[in-house]
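Asker: Take a look at this one; I'll ask things after.
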Amino acid sequence: MASSIHTLIVGAGIAGATLARLQAEAGRSVLVLDRRPQVGGNCYDEQDAAGVLVHRYGPHYFSTNSDRVWNFISRFTAWRKYLYQVKALVDGQLFDFPINLNTINQFYGKQFTSVEAQAFIKTQCPTIPNPTNAEDQVLRQIGRALYDKFFLNYTLKHWGLHPRLLDPEVTARIPLRFDQDQRYSTRRYQAMPKAGYTNLFHHLLDHPKIQVELNCDFLQNRTAFHYHQLIYSGCVDAFFAYRFGPLPYRSVRFAFETLPLPYFQDFPQINYPNDFDYTRCVEIKHATGQSHPVTTLMREYPMAEGEPFYPIPRSDNQAIYLQYQQLATTVPNTFFVGRLATYRYLNMDQVVLASMNLHDRLEANQTVASG
Ligand SMILES: Cc1cc2nc3c(=O)[nH]c(=O)nc-3n(C[C@H](O)[C@H](O)[C@H](O)COP(=O)(O)OP(=O)(O)OC[C@H]3O[C@@H](n4cnc5c(N)ncnc54)[C@H](O)[C@@H]3O)c2cc1C
């Protein structure tokens, strides 16, 4: 196996591909391994049998506030400007989600101004100064009625756990708005890669100093590789042979359905908090902008088993992770990055930024070591 590799990278997701590019541009020889048959990690997209571009591992909408991330990723793709919007179906009606002034007025049958809505919602909320779980976090913000209809059952389905058993951060990142802003995210840059994510990854990895080996599980071939440093973006518990026990994840089954219509629904994403076994139905064509006579829907069925998608945010799981994190600092010339290796739900842009920062640290150390 390649003996002159400077940086071995495990994982061709956005963490691994970003680091591969930066390391290669710094003159390092890089080998990227992935156990899947394709690059892109969970951002992977492809045309299905009907020719519709689909996201195989869940819908991915790119957004960031970081100029640094935006400028870097923009070197490898042209963009299609796209503002991501979500609706929630509750009691047979579609509502704006995250909850905004329209949602509140429609739900309560009122015509509140922003100030009136804030005052009204305040009367609905119990006083909970220091929320210790996801239920309290929502109740103190929006009150019982909206919580019951929009959050309780969605959370039960998504996590398989009652919100009282989850950390407050689960719901803390969902905004509550008293204006009519219907965007899911208010980040400065919001767009979809014009030719898709897989195309973006091929450009990112297209460098003479980068080799890519697919269908290769590093953990089953550890001794086959010789390298100066290792960057690992797989599951941290697997790296250490589950020494402190497995880190729990929630998984999802994606059910695809192609229909002989240009569009099935009026919105890219509809959440179903209370109906059906699936949590959401996504028609990604709205976001990709593909013009095609047929359409493909993707419904998400949360599962206990399967690919590790969402780290389960509970303090006992975090305590296990901290043991792995500590152990990870003791492995020479080995660096852990990305959502699986740091056991955190991270958006793509956060992973890119973390990868850029890691690259900077590695190069700074290299300069000191050789200086
Ligand atoms: C359903 C869903 C929807 C999402 N939607 C969005 C969104 O809209 N916007 C957004 O910004 N973020 C979104 N995300 C988050 C986004 O997917 C992550 O931020 C991103 O994929 C993390 O990149 P990564 O490189 O850390 O991990 P991954 O993409 O998981 O890549 C890790 C790679 O490592 C490989 N690997 C693991 N172990 C080994 C091994 N032992 N040997 C070889 N290869 C290995 C895997 O096969 C994988 O390809 C979503 C996530 C999910 C689950």
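Residues checked against (1) of a type outside the set (D, E, K, R); (2) closer than 30 Å to Gln326 by Cα; (3) open to solvent by 20 Å² or more (accessible area, probe 1.4 Å):
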residue	(1), (2), (3)
Leu247	yes, yes, no
Phe256	yes, no, yes
Pro262	yes, no, yes
Asn271	yes, no, no
Thr279	yes, no, no
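Asker: Taking Arg188, is it more than 22 Å from the chain's Cα centre (by Cα) and either open to solvent by 20 Å² or more (accessible area, probe 1.4 Å) or aliphatic (A, V, I, L, M) (or both)?
Answerer: no
Asker: Can you go through Asp67, Asp48 and tell me which one is surrounded by fewer than 19 Cβ atoms within 10 Å (Cβ to Cβ) and closer than 26 Å to Tyr272 by Cβ?
Answerer: Asp48
Asker: Check Asn215 against each of (1) surrounded by fewer than 17 Cβ atoms within 10 Å (Cβ to Cβ); (2) not assigned by TED's automatic domain parsing to the domain that holds Leu327 and name the one condition it does not meet.
Answerer: (2)
Asker: Can I ask one more? Only one of (1) in a strand (DSSP E or B); (2) open to solvent by less than 60 Å² (accessible area, probe 1.4 Å); (3) within 16 Å of the ligand (Cβ to nearest atom) is not met by Ala88, so which one is it?
Answerer: (3)
Asker: For region 122-151, give me the residue count where each residue is in contact (Cβ under 8 Å) with a residue 24 or more places away in the chain and either under 23 Å from Tyr108 (Cβ atoms) or touching a strand residue (DSSP E or B) at 6+ places or on another chain (Cβ under 9 Å) (or both).
Answerer: Residues in region 122-151 being in contact (Cβ under 8 Å) with a residue 24 or more places away in the chain and either under 23 Å from Tyr108 (Cβ atoms) or touching a strand residue (DSSP E or B) at 6+ places or on another chain (Cβ under 9 Å) (or both): 11 in total.
Asker: Right, another one. Output the strands (runs of 3 or more DSSP E) that fall wholly within region 1-62 and possess 2 or more residues being of a type in the set (D, E, K, R), or say none.
Answerer: Strands (runs of 3 or more DSSP E) meeting the threshold: 45-47.
Asker: Just one of His292, His286 is more than 24 Å from Gly16 (Cβ to Cβ), out of contact with any Cys (no Cβ under 9 Å at 6 or more places or on another chain), not in a loop (DSSP other than H, G, I, E, B) and not charged (D, E, K, R); which is it?
Answerer: Within the list His292, His286, the selection yields His286.
Asker: Determine whether Leu230 is touching a residue at least 12 places away in the same chain (Cβ under 8 Å), surrounded by 18 or more Cβ atoms within 10 Å (Cβ to Cβ) and in contact with a Lys or Arg (Cβ under 6 Å, 6 or more places away or on another chain).
Answerer: no
Asker: Do you know which residues across region 107-123 are open to solvent by 70 Å² or more (accessible area, probe 1.4 Å) and in a helix (DSSP H, G or I)?
Answerer: Once the filter is applied, which keeps residues that are open to solvent by 70 Å² or more (accessible area, probe 1.4 Å) and in a helix (DSSP H, G or I), region 107-123 yields Val115, Glu116, Gln118, Lys122, Thr123.
Asker: Among the residues of region 345-367, is there at least one that is within 17 Å of Ala238 (Cβ to Cβ), within 12 Å of the ligand (Cβ to nearest atom), open to solvent by 10 Å² or more (accessible area, probe 1.4 Å) and touching a strand residue (DSSP E or B) at 6+ places or on another chain (Cβ under 9 Å)?
Answerer: no
Asker: I would also like to ask the following. Which of the residues belonging to region 201-212 are open to solvent by 60 Å² or more (accessible area, probe 1.4 Å) and touching a helix residue (DSSP H, G or I) at 6+ places or on another chain (Cβ under 6 Å)? Give the derivation first.
Answerer: Restricting attention to region 201-212, the residues satisfying the condition of being open to solvent by 60 Å² or more (accessible area, probe 1.4 Å) are 202-203, 206, 208-209, 211-212.
The answer is Lys209, and nothing else.
For every residue, the table says whether it meets (1) over 18 Å from Phe336 (Cα atoms); (2) surrounded by 23 or more Cβ atoms within 10 Å (Cβ to Cβ); (3) within 8 Å of the ligand (Cβ to nearest atom).
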site	(1), (2), (3)
His6	no, no, no
Gly11	no, yes, yes
Gly16	no, yes, yes
Gln23	no, yes, no
Ala26	yes, no, no
Ser29	yes, no, no
Val32	no, yes, no
Cys43	yes, yes, yes
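Asker: Same structure, new question: Select from region 320-344 the residues that are within 22 Å of the chain's Cα centre (by Cα) and small (Gly, Ala, Ser) and write down the one among them that is surrounded by the fewest Cβ atoms within 10 Å (Cβ to Cβ).
Answerer: It comes out as Ala341.
The rows are residues; the columns are (1) outside the structural domain of Ile210 (by TED's automatic domain parsing); (2) closer than 23 Å to Ile174 by Cβ.
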residue: Arg21; (1), (2): no, no
residue: Gly27; (1), (2): no, no
residue: Tyr44; (1), (2): yes, no
residue: Asp67; (1), (2): yes, no
residue: Trp70; (1), (2): yes, no
residue: Phe76; (1), (2): yes, no
residue: Arg80; (1), (2): yes, no
residue: Phe97; (1), (2): yes, yes
residue: Asn100; (1), (2): yes, yes
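The values are calculated or read from the model by the stated rules, or taken from the named source; none is laboratory data. This one's a predicted model, so the numbers in the text were calculated from it and none came from an experiment. Note: ideal-geometry Cβ built from the backbone for every residue, glycine included; neighbour counts use all protein chains shown. Note: accessible area is taken over every heavy atom of the protein model, side chains too, but ligands, DNA and RNA are not part of it. Shrake-Rupley method; radii C 1.70, N 1.55, O 1.52, S 1.80 Å.
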